[in-house]
């Protein structure tokens, strides 16, 4: 695969056609100026050492060198190779609530966006650990299998919205059960599930699922998104909110009691949304304290810089431009193979 490390420098390529146009304009203007002094053919005899082609060749060589320098600054890179890397870490699966209630904006910019920011912050602090991503509403789905590729985790996370799961609801238990089944088959690896939700569980036995996970050595942490006072659920358009059958605006509230009970059943900890930054830091400190296990991961190596090749081309072209003089070569200017050949043929014809 191929990419540029600094693609912004490629915008400088627009200079090349501008310079070429400017050179053409000055050449035409120069020819018009010479015509004012007399017949161009007569002027060529008066200036035998002046070359018309050499300055043009030198200019386009400089243009080529400039193009090579721009590509050098853009840092062309080639990759990728898959490597097996042995790491020491733990396995973490994040279960993210994507029900409509997560669109509530009692936490700016919204519960869901704030949750995604928290996951990015969490991912940025991971070192040699594996992470997976599950989304859930009325049902739970694996968004990203357990992996060491943090860049992929962030990419998948950026595409998550409340339309990604067709069935509405909040099935926290289903999310915990799916997360429990989604870890690797390796033995003696510390594992944790982080459930990020507003806690309005209407579907299943979330505490039972958390307790079952804890019995398998999997800790369950819950992160509450929203406020206990509640907020209406936006449904698109200004002032358009979700309403019940009687036409009343539905208010979604953070159920801290439920989330605290789930975390307790899962031998983990509950983190309230109003203190999510310090809560995530405390969570990472606790996860970092867990025993690290060795596991082998397949990762893509970084792209390798290959700007040296383009830089060498620029240097060779500049040296070539430097060696070419503006004037005709004194040793070669009198050599005219075509004229000599015509004269030879003429002499043979005269003899005959």
Being in the same structural domain as residue 101 (by TED's automatic domain parsing), free of Cβ contacts under 8 Å to residues at least 12 places away in the same chain and out of contact with any helix residue (DSSP H, G or I) (no Cβ under 9 Å at 6 or more places or on another chain), is that true of even one residue in the range 190-208?
no
Just to be sure, is residue 176 assigned by TED's automatic domain parsing to the domain that holds residue 292 and outside any helix (DSSP H, G or I)?
no
Against the condition over 30 Å from residue 87 (Cβ atoms) and outside any loop (DSSP other than H, G, I, E, B), how does residue 169 come out, does it pass?
no
From the list 284, 258, pick out the single residue that is in contact with a strand residue (DSSP E or B) (Cβ under 9 Å, 6 or more places away or on another chain), within 26 Å of residue 227 (Cβ to Cβ) and at pLDDT 55 or above.
258
Determine which single condition residue 276 fails, assuming it passes every other condition in (1) modelled with pLDDT of 80 or more; (2) touching a helix residue (DSSP H, G or I) at 6+ places or on another chain (Cβ under 6 Å); (3) closer than 30 Å to residue 219 by Cα.
(1)
Scanning the range 130-152 residue by residue, those crowded, with 18+ Cβ neighbours inside 10 Å, assigned to a loop (DSSP other than H, G, I, E, B) and modelled with pLDDT of 90 or more turn out to be 137
Can you spot a residue in the range 216-224 that is farther than 20 Å from residue 119 by Cβ and not in a strand (DSSP E or B)?
yes
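Matching residues to (1) in a strand (DSSP E or B); (2) modelled with pLDDT under 65; (3) touching a helix residue (DSSP H, G or I) at 6+ places or on another chain (Cβ under 9 Å):
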position: 27; (1), (2), (3): no, no, yes
position: 38; (1), (2), (3): no, yes, yes
position: 42; (1), (2), (3): no, yes, no
position: 45; (1), (2), (3): no, yes, no
position: 60; (1), (2), (3): no, no, yes
position: 68; (1), (2), (3): no, no, yes
position: 72; (1), (2), (3): no, no, yes
position: 80; (1), (2), (3): no, yes, no
Being in the same structural domain as residue 138 (by TED's automatic domain parsing), surrounded by 22 or more Cβ atoms within 10 Å (Cβ to Cβ) and either at pLDDT below 90 or under 29 Å from residue 285 (Cα atoms) (or both) is the requirement here; does residue 224 meet it?
yes
Which numbered condition residue 10 fails, given (1) modelled with pLDDT of 75 or more; (2) loosely packed, with under 13 Cβ neighbours inside 10 Å; (3) within 27 Å of residue 66 (Cβ to Cβ)
(2)
Which residues, counting only those in the range 245-257, are part of a loop (DSSP other than H, G, I, E, B) and either within 35 Å of the chain's Cα centre (by Cα) or within 21 Å of residue 110 (Cβ to Cβ) (or both)?
250, 253, 254, 255
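The values are calculated or read from the model by the stated rules, or taken from the named source; none is laboratory data. Owing to the predicted nature of the structure, the values given are computational and were not obtained by experimental measurement. Every residue, glycine as well, gets a Cβ built from its backbone with ideal geometry; the counts of neighbours run over all protein chains shown.
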